[in-house]
1. Tell me the volume per residue, in Å³, of the convex hull enclosing the alpha carbons of segment 177-327.
2. Using alpha-carbon pairs under 8 Å, 6+ residues apart, how would you state the relative contact order of segment 1-144 in percent?
3. Fewest first, what order do 123, 92 take by the number of other Cβ atoms within 10 Å?
4. Once R0 is set to 41 Å, what does the formula 1/(1 + (r/R0)^6) return for the Cβ-Cβ distance between residue 109 and residue 148, expressed as a FRET efficiency to the nearest 0.05?
5. Give me 19, 43 sorted ascending by neighbouring Cβ count inside 10 Å, so fewest comes first.
6. How much length, in nm to one decimal, is gained on full extension between residue 30 and residue 217, taken as 0.36 nm per residue of separation minus their Cα-Cα distance?
7. Which ordering of 193, 140 is given by a fewest-first count of other beta-carbon atoms within 10 Å?
8. For residue 59, go through the lysines and keep the ones whose alpha-carbon is under 29 Å away, minus same-chain ones fewer than eight residues off.
Amino acid sequence: MEYNWGRKEFLHQLENLELLISREKDIRRKLYLEKVLDTSNKLYYETFVDFPKPKVTAKQRLTNILDSHFSYGRYYSIVQSFFNNISEHIDTIDEISNKLERIDPDGNFDFMNTGATITFENTLNLVKEFYKRFDSELYCYFLEVYGDREYSLRYSKLPKEETKTDGTTLFIDGVSKNFITVYETNPLSTYICTIHEYGHAIANLINPEVSYADREDLFMEVAAIFPELIALYENNFDFETIQVLYQMYTNLVTYVNSAEYLCLHNPILNAWADNKHIMSNSFFKQLEEFYDMDEECFEEALSTTIEDEGVYVISYAVAMELLHIYRTNKKKAIELFKRFLKYPAKEDILAFIIENIPINKHIGEEANIVLNNFNRELKKRRY
Ligand SMILES: [Zn+2]
């Protein structure tokens, strides 16, 4: 089977949605579907029409961060506590990353490569098998998306400008259609990425209005990251141990780095206010003197946002807490996960999380497991 949906399939669904709207008698439903159409049209342009991204000045980015800091204050504190809880392991992370640099200066990680390849069809079969073992109710939703894979799934090479290996999942409610893109990398990453994207697709079918709700919600990635963590933890299909541990390690490091930059937003904003909102020499001097922040670090912090990278940090923190529960009580963890997925789109999801999942409580412990396991495996191989 070819997996390569494109412009044609997407436009076809937009037409179906328009037809649905014209026939809809219920005015509230009609308004909602019009909103879906509007959002999906934007998605269409972002996906298929290439237009140059406008250049954003440093001042504009600072203003955006100031706005986000104001609207997402509660989420910034989750990131801060995530970082505080992990900070005692920063030395170990540095130690491992130095070691990796010595083993593999080019960063190709060929030392882990077994040369094994696997077809998409086989990857998909593994993903199907994974969801079947994961949970019978979620598996039914999985089958719904999977059955339509000829028109809703595509495998593509990782675009050059893209550094993240994440795929994407677009969703059009009303016609209940997911469009999944998975990037093709090594066998393990492709498998994990497919699980991740199907996690989004399942969540979209269970609770279609979430994508279109105006709620403040930075937990969107939990639906995808939790199954991803379980797939790595269970390793049902005997992927090479070192590769699995490496993937867990890089996940952790990526999110710790993002968290560190996000934690710099507060001092940057303070220094900016101290300097009358002018990026003067004294502004940069203050950052350098008090926070040891050079220009490169400042630039990185400015291009890391709570809406983009923060979502992953926050969702990862929740997913790791669910994994912690899963270790001793699989059933409980999956029930909690399903309650999370089904939580009404109009209600405050943060309240649900705080009440039911002790976010960041065991993240230090979990990070320690990830780092120790990977380090031990490296030592076993005399690295
Ligand atoms: Zn995702």
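Bear in mind that the values in this text are calculations on the coordinates, not laboratory data. Here the structure is a predicted model, which is why all the values come from computation and not from measurement. Ideal geometry is used to build each Cβ from the backbone, glycine not excepted, and the neighbour counts take in all protein chains shown.
1. Cα convex hull per residue, to the nearest whole number: 160 Å³.
2. 10 percent.
3. 92, 123
4. 0.70
5. Ordered by Cβ neighbours within 10 Å, fewest first: 19, 43.
6. 64.9 nm
7. Ranking 193, 140 by Cβ neighbours within 10 Å, fewest first, gives 140, 193.
8. Cα-Cα hits under 29 Å: 42, 160, 164, 276, 285.
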